[in-house]
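Beneath this line is the structure, given in structure tokens, with notes to follow.
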Amino acid sequence: MHIDWKFADDPIERSVIEGIQKKLGIAFPEDYVQCAIRNHGGSPRPKVYDFSGRKEAVFGSLLSFDEHEPTFILDVYDAIGKRLPDKVIPFAEDPFGNYLCFDFRDKESNPTVVFWDHEQPNRKTSLSKVCSNFTDLLNKLYKPDWM
């Protein structure tokens, strides 16, 4: 399926992402890096996906690698990181205050994608597995009948 990215920030150099990775102490998966270089800050079309226990979740936008944007990835991590387990890093937001995150706790080289529900007070119950990797997430995107 073809994904159209709307409202993306200007493309960035790989070195910008590498600098963020060093600050976070992780290495983002290559499929995400390739996408983020061109589409960080952007919203995918289609933008709806399903996962266990949740139908028609909305992929709002990738977090930005531009430090001047309100969704700058390090600013978001600074704001919510204390509410996340260690090695869980947000990379996208939905329109409702929740985040898609990479979960590096089990596999540092190929993290799973999890959904962080900001309304759940317990760190353990606030995360739900969405899929095995970033490419799987993109493959889950669809346009629902009501759109």
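The values are calculated or read from the model by the stated rules, or taken from the named source; none is laboratory data. Just so you know, these numbers come straight off a predicted model, no measurement behind them. When we count neighbours, we look across all protein chains shown, and the Cβ atoms used for this are built from the backbone with ideal geometry, even at glycine. Each accessible area value is taken on the protein alone, full model and side chains, heavy atoms only, with ligands, DNA and RNA left out. Shrake-Rupley method; radii C 1.70, N 1.55, O 1.52, S 1.80 Å.
Rounded to a whole number, what % of the accessible area of region 1-111 do carbon and sulfur atoms account for, probe 1.4 Å?
About 47 percent, which is the carbon plus sulfur part of the accessible surface.
What GluC sites (Glu not before Pro) does region 1-71 have in DSSP loop regions with at most 12 other beta carbons within 10 Å?
GLU13, GLU67
May I ask you to compute the full-extension gain from ASP4 to ARG105, defined as 0.36 nm times their residue separation minus their alpha-carbon distance, rounded to one decimal in nm?
That works out to 33.3 nm of additional length.
222 nm [θ] for the chain, helices only, -39500 (n - 2.57) per DSSP H run of 4+, per residue, to 500?
Helices in the chain give a 222 nm mean residue ellipticity of -7000 deg cm²/dmol.
Using 0.36 nm per residue, how much length does the chain from GLU13 to LEU74 gain when fully extended, once their Cα-Cα distance is taken away?
20.3 nm
Which Rg and Dmax, in Å, describe the Cα atoms of region 89-137?
Reported Rg and Dmax, both Å: 10.5, 29.
Need the C-alpha centroid separation for region 76-137 versus region 20-72, integer Å.
11
Could you compute the FRET efficiency for ASP117 and GLU56, with r as their C-beta to C-beta distance and R0 at 22 Å, rounded to 0.05?
With a Förster radius of 22 Å, E is 0.90.
Pick from ASP75, ASP66, ASP106: which residue has the top mean-square fluctuation in a GNM of the chain where Cα pairs under 10 Å get a spring?
ASP106
At 1.4 Å probe radius, can you tell me the per residue accessible area of the chain in Å²?
Per-residue accessible area for the chain comes out at 54 Å².
Which whole-Hz couplings ³J(HN,Hα) result when phi for each residue of region 103-115 is put into the Karplus expression 6.51 cos²θ - 1.76 cosθ + 1.60, θ = phi - 60°, listed in order with x for Gly and Pro?
For region 103-115, the Karplus curve yields 9, 8, 5, 9, 10, 5, 8, 9, x, 7, 9, 10, 9 Hz.
Please work out how much length the chain gains when fully extended from ASP145 to GLU30, using 0.36 nm per residue of separation minus the C-alpha to C-alpha distance, in nm with one decimal.
That pair, ASP145 and GLU30, stretches by 38.2 nm at full extension.
Evaluate Rg over Rh across the chain, taking Cα atoms for both radii and Kirkwood's formula for Rh.
That ratio is 0.93, to two decimals.
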